[in-house]
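Novice: Sharing a structure, written as structure tokens. Questions coming.
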Amino acid sequence: KSFACWTGAQAASGEWLLFLDADTRLEKPDSLRRLMSVYGRMNGSGILSLQPYHQTVKTYESFSAIFNIIVIAGMNSFTPWGDKFKSAGSFGPCIMLNKEEYFRTGGHSAISGAVMDDLALGVLYQKNDLKTVGMSGRV
């Protein structure tokens, strides 16, 4: 996956990059615009990662939401204490970032051996003094 993301980023022509997992979708016609607006309020810098709404069809699929909750809780992104805790990284279903910063940090190439590339990418950004912001919900 890291190789595919790195290769795609090299071919991209825009200033910002958006990485989406294959099973992640933008639900509304203005979803991309809204995501870009949030990232713009971050001055187009750092990582904006989104743990999307978990839509299920079958009853047993609902149990997989437990793992999403564990990931969100472990990221320190959603606590009653706000920004008092440093984020543990980023989550991978939806990641938006600045292309120049991505290549300056080494992006997916720098974390190619990581099992959880999304988390490792966030840690890489933090080591380079770049902000990581996590959100949850529908886009």
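Read the figures in this text as sums done on the coordinates, not as results from a lab. Everything numeric in this text was worked out from a predicted model, so none of it was measured. Quick reminder, even Gly has a Cβ in these numbers, built from the backbone with ideal geometry, and neighbours come from all protein chains shown.
Novice: Name the residues whose placed amide hydrogens come within less than 5 Å of the amide hydrogen of Leu17, ignoring near sequence neighbours (fewer than 5 apart) on the same chain.
Specialist: Amide H to amide H, under 5 Å and 5 or more residues apart or across chains, Leu17 pairs with Leu97, Asn98, Lys99.
Novice: A follow-up question, please. Using the basic label-point model (7 angstrom from Cα toward the beta carbon), what is the Ser112 to Lys127 distance in nanometres?
Specialist: That separation, rounded to one decimal, is 1.6 nm.
Novice: While we're looking at this one, here's another question. What distance in nm lies between label points placed 7 Å from Cα along the C-beta direction at Glu100 and Glu15?
Specialist: 0.8
Novice: Could you go through region 119-132 in sequence order and give the Karplus-derived ³J(HN,Hα) for each residue, using 6.51 cos²θ - 1.76 cosθ + 1.60 with θ = phi - 60°, rounded to whole Hz, and x for Gly and Pro?
Specialist: Going residue by residue, I get 4, 4, 5, x, 4, 4, 5, 5, 5, 9, 6, 10, 6, 10 Hz, with x marking Gly and Pro.
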